[in-house]
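Visitor: My structure is below; once you've seen it, I'll send some questions.
The values are calculated or read from the model by the stated rules, or taken from the named source; none is laboratory data. All values derive from a computational prediction rather than experimental measurement. Reconstructed Cβ throughout: ideal geometry from the backbone, glycine too, with neighbour counts over all protein chains shown.
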Amino acid sequence: MGKRDWLFLAACLAVLIGVAGSLWRRERVAAPREGAAAVTGDPSFQATLQRVNAEFREQWAGVGLETAPTAEPLTLARRLSLALTGAVPSLEEIRVLEKVPDDRRLDWWLSHLLEDRRSADYIAERLARAYVGTDMGPFLVYRRRRFVSWLGDRLHRQDLAYDALVRKLLTEEGLWTDSPAVNFVTATSDPNQDNKPDPVKLANRTSRAFLGMRIDCLQCHDDRLEKIQLGDPQAPRLGEQRDFHQLAAFFSDVGNSIAGIRDRPAAKGYQYQFLGGQQEERVAAKVPFLPEFNRLDLSTAPAQPAVLKPDRKTPTSDGDLREQLAAWVTHPDNRPFARAAVNRFWALVFGRPLVEPIDDIPLTGPFPPALETLADDFIRHGYNVRRLIRLLAATEAFQRDSRADFEITSDHERHWAVFPLTRLRPEQVAGAVIQSSSLATIDGDAHILRKLMKFGQTNEFVQRYGDTGEDEFADRGGTIPQRLLLMNGELVKERTKEDPFFNAATRIAVLASDASRAVEVAYLTVLTRRPSNEEWKHFTDRIEPTRGNARIAALEDLCWILINSTEFSWNH
């Protein structure tokens with residue numbers, strides 16, 4: 001071999017050593033930049049928390065339910081990690097967390113997660129499913145990934161409060177590439193109508209995602225089942241077909257051109273032929289409830305009604321239809337807006353909403369404990385999402401164990417006397433499998449190879465496991481194909497086989513000082529808990545006699561068993 005060949009081989013070897021070193025490197029888990037004390041120590045935070053807890057205690061006493069004890073710290077860490085990142089904590093995160101004093105551990109962990117970009121991206125995807133659905137939509141005028149990335153940026157930087165974010169979605173103009181928020185509108189574009197956004201679909205999205213109300217059945221007829229209350233909350237009436245189309249009329253001026261989305265007054269306005277009508281008629285834009293906001297009701301409002309610009313906190317008087325709608329939707333007195341947000345974030349943190357279905361909250365109640373109190377706090381403190389999440393995690397309801405020394409019934413779970421068990425959603429299963437197969441944290445600072453593998457494997461797994469779609473918080477049972485995919489699918493196979501660079505099983509077998517230590521680390525890595533004495537003895541007795549490749553195979557089997565346990569697939 002010539003000198004050049006040797007130099008080439010040396011360069012290749014150096015690259016391989018560098019890659020291997022970065023893969024083996026133990027990632028640092030930095031302490032949160034912002035402490036929780038500034039928020040949780042605020043008297044108003046504690047007052048809201050005490051009121052929420054008191055409401056639940058009153059309910060538990062009223063129906064005569066015992067309550068479960070407080071869950072273990074690692075159990076709470078697993079819940080929060082699954083809720084906010086879609087994955088379980090890594091072993092290195094667990095090691096750092098356990099060094100934090102007990103009384104600060106939950107706040108520390110929550111601060112760590114909220115500052116992690118993974119949380120912003122994960123929550124953004126959950127919100128995007130409610131805002132624009134899961135379809136990739138019309139390709140030429142819609143960029144879903146760009147939209148989700150923009151949502152993640154806003155959540156991570158905290159540069160838009162929740163109400164301001166929603167106003168921007170409802171009012172944004174421009175191109176779907178340069179102005180990502182406009183994808184909320186272009187997601188409804190009809191290729192057969194020159195890609196004009198669909199006012200009916202936009203009205204449906206607005207009512208469900210931002211108001212938590214299902215009024216879309218009014219598109220075709222009046223409320224015949226007497227389930228939809230609209231009008232004045234003090235004297236509600238049944239919903240009518242006209243209510244829905246008056247809401248849709250707020251989007252009648254939205255047009256699409258080479259310059260992107262723009263509002264131009266339509267010559268004919270919004271036209272619709274109502275059930276029983278003889279012909280189409282012009283429908284004026286009008287809000288479906290809270291009629292006291294007359295300045296936002298175009299059937300009675302002056303030519304230039306007061307509106308709220310997306311980046312302002314005070315009304316102006318130069319707005320178009322969408323600005324008027326956005327001002328009404330996010331108005332502090334429009335309580336359905338705050339209720340819908342609280343219910344959605346509650347579902348994100350707990351795995352199921354306070355009010356089910358998640359987007360079907362009655363206008364006038366009755367409401368479950370905590371909903372109104374949390375909505376009040378959300379409004380008073382500027383629609384601060386992080387504060388709301390901290391409140392939810394601090395409640396006694398969230399910190400209850402899912403196990404108890406009494407018989408747990410559906411009533412206990414329905415009234416939050418125990419933490420309700422829910423199945424992990426497909427992306428959570430994939431995230432848990434992938435993270436539990438790595439001792440290091442797979443976050444934004446992880447090696448590019450780890451992140452690429454996670455992205456590809458997650459998408460493939462979710463597609464085969466079955467994406468839950470928009471209605472992801474609806475209760476669904478597991479299926480035999482899903483169980484078989486965990487037992488025999490490529491993801492679990494790839495993530496538990498012998499691989500010293502990527503897989504935890506191999507590294508545990510090689511690095512653990514003894515069999516007992518290996519069993520403990522495997523349980524922490526996969527289930528975020530230590531084994532019981534019985535489990536510890538059972539697996540230690542079987543792994544202790546093994547050496548070398550046989551021990552690696554034994555640890556692979558143990559990790560496979562834990563991933564396929566029922567415990568792994570639930571949020572407990």
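Visitor: Where residues in segment 547-572 are β-branched (Val, Ile, Thr) and surrounded by fewer than 16 Cβ atoms within 10 Å (Cβ to Cβ), which of them is nearest to Val492 (Cα to Cα)?
Guide: To start, the set of residues in segment 547-572 that are β-branched (Val, Ile, Thr) comprises 552, 561, 563, 566.
From what is left, the residues that are surrounded by fewer than 16 Cβ atoms within 10 Å (Cβ to Cβ) are 561, 566.
On the way: Ile561: 11, Thr566: 15 Å.
Per the stated criteria, the residue is Ile561.
Visitor: Pull out all pairs, ordered by first then second residue, where Cβ-Cβ is under 7 Å, the residues are six or more apart or on different chains, the first lies in segment 479-492 and is in a helix (DSSP H, G or I), and the second is among the small types (Gly, Ala, Ser).
Guide: Matching pairs, first to second residue: Gln482/Gly466; Leu491/Ala430.
Visitor: Could you grab the pairs with beta carbons closer than 8 Å, sequence gap of 6+ or different chains, first residue in segment 38-62 and without any contact (Cβ under 8 Å) to a residue 24 or more places away in the chain and under 14 Å from Thr395 (Cα atoms), second one surrounded by 12 or more Cβ atoms within 10 Å (Cβ to Cβ) and of a type outside the set (A, V, I, L, M)?
Guide: Sorted first by the residue in segment 38-62, then by its partner, the pairs are Gln46/Thr40.
Visitor: Within segment 493-533, how many residues are assigned to a loop (DSSP other than H, G, I, E, B) and among the β-branched types (Val, Ile, Thr)?
Guide: First, pick out the residues of segment 493-533 that are assigned to a loop (DSSP other than H, G, I, E, B): 497-503, 512-514, 528-532.
Checking the rest, the ones that are also among the β-branched types (Val, Ile, Thr) come to 528.
Number satisfying all stated conditions: 1.
Visitor: Out of the residues in segment 389-413 that are of a type in the set (Val, Ile, Thr) and buried (at least 16 other Cβ atoms within 10 Å of the Cβ), which is nearest to Ala161 (Cα to Cα)? Don't jump to the end; show me each part of the working.
Guide: Of segment 389-413, the ones of a type in the set (Val, Ile, Thr) are 389, 395, 408-409.
Now restrict to residues that are buried (at least 16 other Cβ atoms within 10 Å of the Cβ): 389, 395, 408.
On the way: Ile389: 14, Thr395: 23, Ile408: 39 Å.
Checking each candidate, the answer is Ile389.
Visitor: Out of segment 416-462, which residues are within 30 Å of Glu55 (Cβ to Cβ) and out of contact with any Leu (no Cβ under 6 Å at 6 or more places or on another chain)? Reasoning before the result, please.
Guide: Pass one, segment 416-462, residues within 30 Å of Glu55 (Cβ to Cβ): 416-425, 428.
Matches in segment 416-462: Trp416, Val418, Phe419, Pro420, Leu421, Thr422, Arg423, Leu424, Arg425.
Visitor: Related question: Look at segment 126-149 and say how many of its residues are closer than 22 Å to Ile258 by Cβ and either touching a Gly at 6+ places or on another chain (Cβ under 6 Å) or part of a helix (DSSP H, G or I) (or both).
Guide: 6
Visitor: Also: Just checking: which of the helices (runs of 4 or more DSSP H) contained wholly in segment 296-390 hold 1 or more residues that are modelled with pLDDT under 95 and over 21 Å from Arg214 (Cβ atoms)? Walk me through it before giving the result.
Guide: On the way: elements: 321-329, 335-350, 371-380.
Fully inside segment 296-390 and qualifying: 321-329.
Visitor: Okay, next question. Is it the case that segment 453-461 has a residue that's of a type outside the set (S, T, N, Q), within 26 Å of Leu421 (Cβ to Cβ) and in a loop (DSSP other than H, G, I, E, B)?
Guide: Scanning segment 453-461, I find no residue that is of a type outside the set (S, T, N, Q), within 26 Å of Leu421 (Cβ to Cβ) and in a loop (DSSP other than H, G, I, E, B), so the answer is no.
Visitor: Kindly provide the set of residues from segment 117-140 that are of a type in the set (Ser, Thr, Tyr), touching a Lys or Arg at 6+ places or on another chain (Cβ under 9 Å) and either within 14 Å of Tyr162 (Cα to Cα) or buried (at least 16 other Cβ atoms within 10 Å of the Cβ) (or both), ordered by number. Can you show your working first?
Guide: So the first thing to find is which residues in segment 117-140 are of a type in the set (Ser, Thr, Tyr), and the list is 119, 122, 131, 134.
Remaining after also requiring touching a Lys or Arg at 6+ places or on another chain (Cβ under 9 Å): 131, 134.
Scanning segment 117-140 gives a single hit, Tyr131.
Visitor: Is it the case that segment 553-570 has a residue that's free of Cβ contacts under 8 Å to residues at least 24 places away in the same chain and part of a loop (DSSP other than H, G, I, E, B)?
Guide: Among the residues of segment 553-570, not one is free of Cβ contacts under 8 Å to residues at least 24 places away in the same chain and part of a loop (DSSP other than H, G, I, E, B), which makes the answer no.
Visitor: Of the residues that sit in segment 414-426 and are among the basic types (Lys, Arg) and either closer than 30 Å to Lys454 by Cα or buried (at least 19 other Cβ atoms within 10 Å of the Cβ) (or both), which one is nearest to the chain's Cα centre (by Cα)?
Guide: Quick first cut of segment 414-426, residues among the basic types (Lys, Arg) only: 414, 423, 425.
If we keep only those that are either closer than 30 Å to Lys454 by Cα or buried (at least 19 other Cβ atoms within 10 Å of the Cβ) (or both) as well, we get 423, 425.
On the way: Arg423: 15, Arg425: 11 Å.
Ranking the candidates gives Arg425 first.
Visitor: Please work out which residue is surrounded by the most Cβ atoms within 10 Å (Cβ to Cβ), limiting yourself to segment 359-388 and to residues that are of a type in the set (A, V, I, L, M, F, W, C) and within 20 Å of Ala417 (Cα to Cα).
Guide: In the first step, residues of segment 359-388 are kept if they are of a type in the set (A, V, I, L, M, F, W, C); the result is 361, 363, 367, 370-371, 374-375, 378-379, 385, 388.
Next, only the ones that are within 20 Å of Ala417 (Cα to Cα) stay: 367, 370-371, 374.
On the way: Phe367: 17, Ala370: 23, Leu371: 23, Leu374: 27.
Looking at the filtered set, the residue picked out is Leu374.
Visitor: List, please: which pairs have Cβ atoms under 6 Å, are six or more places apart or on different chains, and start with a residue in segment 219-233 that is at positive phi and end with one that is part of a strand (DSSP E or B) and surrounded by 17 or more Cβ atoms within 10 Å (Cβ to Cβ)?
Guide: Gly231/Phe289
To keep it simple, each residue is scored yes or no on (1) surrounded by fewer than 17 Cβ atoms within 10 Å (Cβ to Cβ); (2) modelled with pLDDT under 90; (3) in a helix (DSSP H, G or I); (4) among the polar types (S, T, N, Q).
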| residue | (1), (2), (3), (4) |
| --- | --- |
| Arg208 | no, no, yes, no |
| Leu218 | no, yes, yes, no |
| Asp223 | no, yes, no, no |
| His245 | no, no, yes, no |
| Ala248 | no, no, yes, no |
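Visitor: Next question. I need the full set of residues from segment 167-187 which are surrounded by fewer than 24 Cβ atoms within 10 Å (Cβ to Cβ) and not in a helix (DSSP H, G or I), in order please.
Guide: Glu172, Glu173, Gly174, Leu175, Thr177, Asp178, Ser179 - these are the residues of segment 167-187 that are surrounded by fewer than 24 Cβ atoms within 10 Å (Cβ to Cβ) and not in a helix (DSSP H, G or I).
Visitor: It is to be established whether one or more residues within segment 425-434 are under 30 Å from Leu354 (Cα atoms), outside any helix (DSSP H, G or I), touching a residue at least 40 places away in the same chain (Cβ under 8 Å) and not acidic (Asp, Glu).
Guide: Looking for residues that are under 30 Å from Leu354 (Cα atoms), outside any helix (DSSP H, G or I), touching a residue at least 40 places away in the same chain (Cβ under 8 Å) and not acidic (Asp, Glu), one finds at least one in segment 425-434, hence yes.
Visitor: Got a number for residues in segment 188-206 being polar (S, T, N, Q), assigned to a helix (DSSP H, G or I) and without any contact (Cβ under 8 Å) to a residue 60 or more places away in the chain?
Guide: 3
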